1. Among the residues of the stretch 4-14, is any under 30 Å from I217 (Cα atoms) and touching a residue at least 40 places away in the same chain (Cβ under 8 Å)?
2. Can you name the residue in the stretch 26-51 that is outside any helix (DSSP H, G or I) and of a type in the set (D, E, K, R) and is also nearest to I84 (Cα to Cα) among such residues?
3. Restricting the stretch 80-122 to residues that are part of a helix (DSSP H, G or I) and among the polar types (S, T, N, Q), which is farthest from D32 (Cα to Cα)?
4. Applying the selection to the stretch 96-119, what residues are farther than 19 Å from T158 by Cβ and either touching an Asp or Glu at 6+ places or on another chain (Cβ under 6 Å) or open to solvent by 70 Å² or more (accessible area, probe 1.4 Å) (or both)?
5. What about L77, is it within 27 Å of the chain's Cα centre (by Cα), of a type in the set (A, V, I, L, M, F, W, C), under 30 Å from I171 (Cα atoms) and not in a helix (DSSP H, G or I)?
6. Could you give me the residue pairs with C-beta distances under 7 Å whose first residue belongs to the stretch 55-69 and is under 18 Å from G31 (Cβ atoms) and free of Cβ contacts under 8 Å to residues at least 12 places away in the same chain, whose second residue is among the polar types (S, T, N, Q) and surrounded by 17 or more Cβ atoms within 10 Å (Cβ to Cβ) wherever it lies, and which are 6+ apart or on separate chains?
7. Report, by residue number, each residue of the stretch 52-69 that is open to solvent by 70 Å² or more (accessible area, probe 1.4 Å) and assigned to a loop (DSSP other than H, G, I, E, B).
8. Would you check if there is a residue in the stretch 15-25 being open to solvent by 90 Å² or more (accessible area, probe 1.4 Å), assigned to a loop (DSSP other than H, G, I, E, B) and free of Cβ contacts under 8 Å to residues at least 24 places away in the same chain?
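The values are calculated or read from the model by the stated rules, or taken from the named source; none is laboratory data. Here the structure is a predicted model, which means the values were calculated and not measured. Cβ atoms come from the backbone with ideal geometry, glycine included; neighbour counts cover every protein chain shown. Side chains included, ligands, DNA and RNA excluded: accessible areas come from the protein's heavy atoms. Shrake-Rupley method; radii C 1.70, N 1.55, O 1.52, S 1.80 Å.
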Amino acid sequence: MKIKKPVKISLPKQISNEIENAIKNGTLKIGDKIPSEPDLVKTFGVSRNTIREAIQSLIQAGVLESRQGNGTYVMSLGRFEANILNRLNNSNIREVNEVRFSLETEIVKFAAQRRTEDDLIKLRETLKNRHSVKESIKENSKADVEFHMAIAEACHNTIFIDLYRSISQFISNSIEQRGEFKELNEEFDKLHIELFEAIELKDSKKAEEIITKILTI
């Protein structure tokens, strides 16, 4: 039997992994400024060079962004999302829409089949927030993505969840840039209520029909 020897992980890699974990578990959020270099040195008990190497690797991966004279900020949830966002930004809109359509139609079907009572509680909350009055298109698009993210979580497939989470920021920016919420608000509200009801009733066929209308309207 061939057994691979365990690979030792370097200190900078361990630090970068810890920072990524802090982002994934919500301790650090997108847009947050990470602790200063001296604070990280104190927290991890390592040298400044080790911290710099760890931070630089995350900057190169697109997870963090260094802003001269203003610190370093979280830009994505991890290397996976950074790679996806980079790929989306370098794709044409037709390809992005095709991927979104395929992904969301599968997600709603699984969500309708697998949703739990806890999932329904979160879906109701995010749906209510989506329908509340917002002051800007940016707030509307954020609330819309939060509802669809709750549906993704209700499908109970971690790969789908990660994929949707990775492109949700891109989708939100796209919705905001199109500025369509005011013109389509009433019709979209009705369709989203129907989508929730289909998932609540575990009607995957109906849920797929409704998400198709939402994405093609």
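1. no
2. K29
3. The residue in question is Q113.
4. N97, E98, F101, E117
5. Answer is yes for this residue.
6. E65/T72; S66/T72
7. Once the filter is applied, which keeps residues that are open to solvent by 70 Å² or more (accessible area, probe 1.4 Å) and assigned to a loop (DSSP other than H, G, I, E, B), the stretch 52-69 yields Q68, G69.
8. yes
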